[in-house]
Amino acid sequence: MEGVGLRNVGSHCSLAEMDDFDLSRLLDKPKLNIERQRSFDERSLSELSIGLARGLDHLDFTYSPGRRSGFDTPASSARNSFEPHPMVAEAWEALRRSLVYFRGQPVGTIAANDHASEEVLNYDQVFVRDFVPSALAFLMNGEPDIVKNFLLKTLYLQGWEKQIDRFKLGEGAMPASFKVLHDPIRKMDTLIADFGESAIGRVAPVDSGFWWIILLRAYTKSTGDLSLAETPECQKGMRLILALCLSEGFDTFPTLLCADGCSMIDRRMGIYGYPIEIQALFFMALRCALAMLKHDAEGKEFVERIVKRLHALSYHMRSYFWLDFQQLNDIYRFKTEEYSHTAVNKFNVMPDSIPEWVFDFMPTRGGYFIGNVSPARMDFRWFALGNFVAILSSLATPEQSAAIMDLVESRWEELVGEMPLKICYPAIESHEWRIVTGCDPKNTRWSYHNGGSWPVLLWLLTAACIKTGRPQIARRAIDLAETRLLKDNWPEYYDGKLGRYVGKQARKLQTWSIAGYLVAKMMLEDPSHLGMISLEEDKQMKPVIKRSSSWTC
Ligand code: GLC
């Protein structure tokens, strides 16, 4: 990709060029000039939401500001009248130490800088998903170059021929991770990428391509530099990713069928089928691509397919994945073996398959998108990433977003406990653990992917809090993280029902734990940053049905 001639254009783009046509007609509200000196708490939320809505109007790229500062000084700490938390400076230093260089240019951050750990495995690589919070931190701090380098480097890797044994992977697949090999003698740097062919379990990451598109929009939104997204290479990269996930097959649902372990939870955890994490990222990536794709001969066809898919996907998710008290009660009373179009219980879910815990877990007020829905199978587990991305992408209606946050508040002990935030709830144990994980000793109950607590999720929680107007929840969670994270040397995850113990095999100096904390801090301090990672509701996708009656329609 060295050959890509990128124009360095001014900050404001022509609206016609990047017409976010699903939103453009809807959000014609006056622009709010948010004073950055004021703390978020002083600002009214209606002000904030107007600002955000306008900021997203036409994807107009009035910056979600990143500022240039002295190289080592986080702009976010220099601006405040109050003293920043001492952890912020430490976190910046650790984040900079995690930078990975290719031919002298920073191109990403290493997953963990933990040299003490006996097994390096692949933690010395740049993971696409792990780099997202690092990228956001750099963008928020006015350092977009590394993000641009990363986007181009991964785009270049996408062009490789990818093979697992004798089987060739789809052209558009993005790597899970890559590594830079330095040859000191020949003074050469080379890249090696992993598309799943080396990964434990040999699963290709479905989330990487989606994160790539989401990050491209974040970069564009933050810098106002449209020229990168507009290059033929980036346009093609997007189309290739989309071709993979929009292809027609035997599907009867608009959701994306996935193998176990194809996302952040990258080992067998019973998330095969239609996992919420992937569906929410899919939805968000489709919306981001829609805003960035050119309506030229090649792009136009994709734009049309995206619009149709978004419509069907939002209907499906909002209707069938949504669970609240009323919905649960309806499922509990379901009849089974219904045939034909009049069926209420469309997927033939057996009420007996509802696990006991969910009846206690469900508050009277509140709700969430469940983990998975497929024929006769509902995975009732709560997953953090999918639910928060649903809020950020506006896959969740405003009512659903508020309900997700209501549930987080009323189930604080279970979901946050002493360390934000549970990756999923609850853990699976005993016989079920044996069957579902295949006896995975890393994923014992309340550990790692099985109900472990992951500090990286703090940034997603914070973003969702800001979007739904509940900064105080984010503050509470950040306060908790600040009591432990630095002292424990930024672990990858915590174990236990309350997240009190540093994870059994958790890496230290885990980069996304560090970056996630910084992003959470910077967003809370300057909520206008939210615009780079949030999309306003598209009124055209409003459900025609009421949430409580969705099962019967
Ligand atoms: C683990 C996590 C995965 C992460 C990787 C690198 O495999 O499950 O989500 O990307 O570590 O940190």
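Just so it is clear, none of the values below were taken in a lab; they were calculated from the coordinates. Quick caveat: nothing in here was measured; it's all calculated off a predicted structure. Cβ: placed from backbone, ideal geometry, glycine included. Neighbour counts: every protein chain shown.
So, in Å, what gap is there between the alpha-carbon centers of the range 177-216 and the range 346-422?
32
Work out the FRET efficiency for Arg377 and Asp189 from their Cβ-Cβ distance, taking R0 = 51 Å, and round it to the nearest 0.05.
0.65
Find the lysine pairs in the range 233-384 meeting two conditions, Cα atoms under 15 Å apart and a separation of 8 or more places or different chains, and report how many there are.
Count of close lysine pairs: 4.
Give me the Kirkwood hydrodynamic radius of the range 265-336, using the inverse of the mean 1/r over all pairs of distinct Cα atoms, in Å to one decimal.
About 14.7 Å for the range 265-336.
Which of the lysines could be linked to Lys504 by a straight reach, that is with a Cα gap under 24 Å, when you skip same-chain ones fewer than 8 residues away?
Result set, ordered by chain and number: Lys422, Lys442, Lys487.
Kirkwood hydrodynamic radius, the range 232-283, all distinct C-alpha pairs: what's the number in Å?
The answer is 12.2 Å.
Evaluate Rg over Rh across the range 119-239, taking Cα atoms for both radii and Kirkwood's formula for Rh.
Rg divided by Rh gives 0.98.
Can you tell me how the range 97-156 classifies by the Cα gyration tensor, rounded, prolate or oblate, using a/c under 1.5 as the rounded cut?
prolate
Starting from the Cα of Ser410, step 7 Å along the direction of its Cβ; do the same at Asp124; then give the gap between the two resulting points in nm.
Each label point is offset 7 Å from its Cα along the Cβ direction, giving 5.0 nm.
Give me the Kirkwood hydrodynamic radius of the range 464-529 in Å, from all C-alpha pairs, to one decimal place?
About 12.7 Å, per the Kirkwood formula over Cα pairs.
Efficiency by 1/(1 + (r/R0)^6): what FRET value for Arg333 and Thr252, r their Cβ-Cβ distance, R0 = 30 Å, to the nearest 0.05?
About 0.75, to the nearest 0.05.
Which order, highest average first, do 519-525, 336-342, 140-146, 230-236 follow once you tally other Cβ atoms within 10 Å for each residue and take the mean per peptide?
So the peptides 519-525, 336-342, 140-146, 230-236, ranked by packing, come out 519-525, 140-146, 230-236, 336-342.
What percent do you get for the relative contact order of the range 116-180 when only Cα pairs under 8 Å and 6+ apart count?
Dividing the mean separation by the residue count of the range 116-180 yields 40 percent.
What do you get when you divide the Cα radius of gyration of the range 392-536 by 2.2 N^0.38 Å, with N the number of residues?
For the range 392-536, the normalised Cα radius of gyration comes out at 1.06.
Mind checking the full-extension length gain between His341 and Asp165? Use 0.36 nm per residue of separation minus the Cα-Cα distance, one decimal, nm.
59.0 nm
How do 499-505, 178-184, 219-225, 322-328 rank on mean C-beta neighbours within 10 Å, highest first?
The packing order, highest mean first, is 219-225, 322-328, 499-505, 178-184.
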